[in-house]
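The values are calculated or read from the model by the stated rules, or taken from the named source; none is laboratory data. Since this is a predicted model, take the numbers as computed values, not measurements. We place every Cβ from the backbone using ideal geometry, glycine too, and count neighbours over all the protein chains shown. SASA here: full protein model, heavy atoms, side chains in, ligands and nucleic acids out. Shrake-Rupley method; radii C 1.70, N 1.55, O 1.52, S 1.80 Å.
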Amino acid sequence: MSTVDSPAAGRPPAAVARRPWSRDRVERLIFGVLRWVAIAFFLLATLLPFYYMVLLSVRPIEDLLLRPDSLLVDFSELTFSTYAEALRPVTDAGQGFLTFLGNSAVVASLSVVIALAVAIPGAYAVSRLSFFGRRQVSVLFLLVYLFPSIVLAIPLFVLLTQMQLRGSLIGLVLVYIAQTVPVAVYMLRNYFETIPVAVEEAALVDGLNRLGVIRRISLPLAVPSIMATAVFVFMVAWNEFLFALLFLVERRDRWTVSLGLAQLSGSIEVPTTVLMAGSVVITVPIVLLFFFTERLLSEGLTSGADKG
Amino acid sequence: MPTSDTGTTRRSGATTSGRRQPTMAQREARTGLMLISPTVVIILAIVLVPLAWSVLIAFQRIRLINVARTGLFENLTLANFATVLGSDALWDSLLTTLVYTAGSTLLAIFLGLVAALALRRPFFGRSFVRAAMLIPYVAPVVAVTFVWKILLNPEFGIVNSWGRQLFGWDDPVAFLTQASGEISLFGLDIPVPTALLTVIAFEGWRYFPFAFLFILARLQAVPATLEEAAVIDGATPSQRFRHILLPQLMPIIAVLVVLRTIWTFNEFDDIFLLTGGVAGTEVVSIRVYELLQVQRNVGAAAAQSVLMAAVLIILLGAYLWLLRRRGEETQ
């Protein structure tokens, strides 16, 4: 691309626009069209796989093998038996996704509660109080956030084997907390910093101590950010795969949703359409949760990005 | 107590006798330490100590069978590194990892940039489109890899059945199990690493929302006056992008490159779930997993993972050094 070929000094921009096929006009036209092409492309690319997921979950497997190219469902063939089979427990000729959902819900909720209980005071301390090692702590969190989880997986795997904690959900919860707390602290800290110090100082002058200020002033103000952080932790815990695979693979009754789907899709006995029903079941909660909190979450994660 | 020192000096410098009545700064420092300690303890216990231990394990002869009985400093050896470094597959997998990382990172950021530019100005339904574009990133990785596997399935996947009908492919393409294929272009048969490219495409699809989100946030913070001035000066859209927007976006793009490089380099789930590491997609993290779970050689797995972290640190160090040197040159 060339340098800016600015029009002769003093010429009003209207003169440029009046020229029939100026570079400016051509480009405006092209990019105006390309913009809509791009929007359509991205919409298709992101939504089509999910549409395909839902579509395959309500089609009988014979129909899929017969007409693999169809993107429409024949209403007379529409079936929800796939969902029933996916959700039923193994003892009842199902695949046990309900158990997986239960396990994941327990793991994710526990992770959210504990991670928040740890991260809220931590974030407050980092944003408001000056103490020895405050800056080092932030660097430490960044490192943890960036460090490869597979490096971490080996010692934790060995440790849990030694403590015979493999197959229990507690080990998993601990790992998820450690993985999410640094980001949670970062998200919450950004928010705490937007609360005017004067508000808190007024409360201090009025006789509240620090903990009182946090509980009565800062926490109620930070509720949106706390919600966003909770959703973030929940999503990480719900979607995580590697540690679930390492810790729980021998115990089918403890499988989380991710592990369950991965293990079952490896076997040839389970029909694809049933597994698609399983995929829908594990994806829907997370996508709904995300849609309800999308604004909050995006802002929480990208705050600071717009400062350059 | 070191805390009280820094606390008081940083605050006002006016130190009163802190023994009976701690100053406000001292009390703050104490509260701060109290509040931060749970976080620090958890990170020490579950991240830092295991990391150090991982390095130790890398120097131990330790297998899954004797893992419960091996003491902390028993069976020290260098054999693990000899095993890992002596393997021919290591260099292949390192190269695969580098190609995979560079390709995925660039593709994801490029797509994110295009998407952010397309969605920059408001239009009807923009918030819906914006939210929809984030779904690949938030949906469970296991579910999306499964859908991709079925989409690309040679027997009943829709991509192959459409490819044959619309584009006249002769044979179905085994996107995820074929190490190399050929594309006929102008009568030339160009060999391509099919599975690796497919995995890179998946990474671009799954992670462009992340780049999109950050670039869009930055785009919307670019002062409108900058562009207005450029319009008055007669700059065309492409010139405005090249000379006004891109310089504004470069810092966030540089950050995204670092983040995505780190995460893709360590990525395990996506490749493991899509191809299982076959057909020329065996990246280093898959090798670590195989050493651990298939060969059950814990020591070698740890050695491999430590090496992987070392390579990553060197790469990032070089990148940051380059960035700084370029920053100094322009000043």
* Asked: Quick check: anything in region A:129-145 of a type in the set (D, E, K, R) and over 30 Å from B:PRO50 (Cβ atoms)?
  -> no
* To do: Return the residue satisfying two criteria in turn: it lies in region B:221-242 and is surrounded by 14 or more Cβ atoms within 10 Å (Cβ to Cβ) and charged (D, E, K, R), and of such residues it is nearest to A:GLU299 (Cα to Cα).
  => B:GLU227
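Picking from B:ILE252, B:ILE286, which residue would you name as being β-branched (Val, Ile, Thr) and within 29 Å of B:ILE215 (Cβ to Cβ)?
Values: B:ILE286 fails: within 29 Å of B:ILE215 (Cβ to Cβ).
Unique residue meeting the criteria: B:ILE252.
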* **Selected residue (only one of B:ALA195, B:ALA217, B:ALA229 is more than 11 Å from chain A (Cβ to nearest Cβ), free of Cβ contacts under 8 Å to residues at least 60 places away in the same chain and in a helix (DSSP H, G or I))** => B:ALA229
* **Lone unmet requirement of (1) in a loop (DSSP other than H, G, I, E, B); (2) at pLDDT below 80 for B:ARG121** => (2)
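Here is a list: B:TRP162, B:TRP148. Which entry is open to solvent by 30 Å² or more (accessible area, probe 1.4 Å), out of contact with any helix residue (DSSP H, G or I) (no Cβ under 9 Å at 6 or more places or on another chain) and at the interface with chain A (Cβ under 8 Å from one of its Cβ atoms)?
On the way: B:TRP148 fails: out of contact with any helix residue (DSSP H, G or I) (no Cβ under 9 Å at 6 or more places or on another chain).
Among B:TRP162, B:TRP148, only B:TRP162 is open to solvent by 30 Å² or more (accessible area, probe 1.4 Å), out of contact with any helix residue (DSSP H, G or I) (no Cβ under 9 Å at 6 or more places or on another chain) and at the interface with chain A (Cβ under 8 Å from one of its Cβ atoms).
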* Only residues in region A:244-261 that are under 18 Å from A:VAL158 (Cβ atoms) count as the first member; pair them with residues that are open to solvent by 40 Å² or more (accessible area, probe 1.4 Å) and of a type in the set (A, V, I, L, M, F, W, C), Cβ under 9 angstrom, at least 6 apart or cross-chain, and list the lot. => A:LEU245/B:PHE272; A:PHE247/A:LEU165
* Asked: Looking only at helices (runs of 4 or more DSSP H) that fall completely inside region A:60-132, which ones have 3 or more residues that are within 14 Å of chain B (Cβ to nearest Cβ) and surrounded by fewer than 19 Cβ atoms within 10 Å (Cβ to Cβ)?
  -> A:61-66, A:97-128
* To do: Only residues that are open to solvent by 20 Å² or more (accessible area, probe 1.4 Å) and closer than 10 Å to B:PRO140 by Cβ: list them for region A:270-287, please.
  => A:PRO285, A:VAL287
* Asked: Out of A:ILE226, A:ILE170, which single residue is out of contact with any Pro (no Cβ under 6 Å at 6 or more places or on another chain), over 27 Å from B:THR264 (Cβ atoms) and surrounded by fewer than 19 Cβ atoms within 10 Å (Cβ to Cβ)?
  -> A:ILE170
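Rundown of residues vs (1) more than 10 Å from chain B (Cβ to nearest Cβ); (2) closer than 21 Å to A:SER109 by Cβ; (3) in a loop (DSSP other than H, G, I, E, B), yes/no style:
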residue: A:ILE217; (1), (2), (3): yes, no, no
residue: A:SER225; (1), (2), (3): yes, yes, no
residue: A:ALA228; (1), (2), (3): yes, yes, no
residue: A:SER258; (1), (2), (3): no, yes, no
residue: A:GLN263; (1), (2), (3): no, no, no
residue: A:ILE268; (1), (2), (3): yes, no, yes
residue: A:ILE282; (1), (2), (3): no, yes, no
residue: A:VAL287; (1), (2), (3): no, yes, no
* To do: Residues being in contact (Cβ under 8 Å) with a residue 12 or more places away in the chain and part of a loop (DSSP other than H, G, I, E, B): count how many of those fall in region B:268-299.
  => 11
* Asked: If you take the residues of region B:168-211 that are at pLDDT below 85 and polar (S, T, N, Q), which of them is surrounded by the fewest Cβ atoms within 10 Å (Cβ to Cβ)?
  -> B:SER184
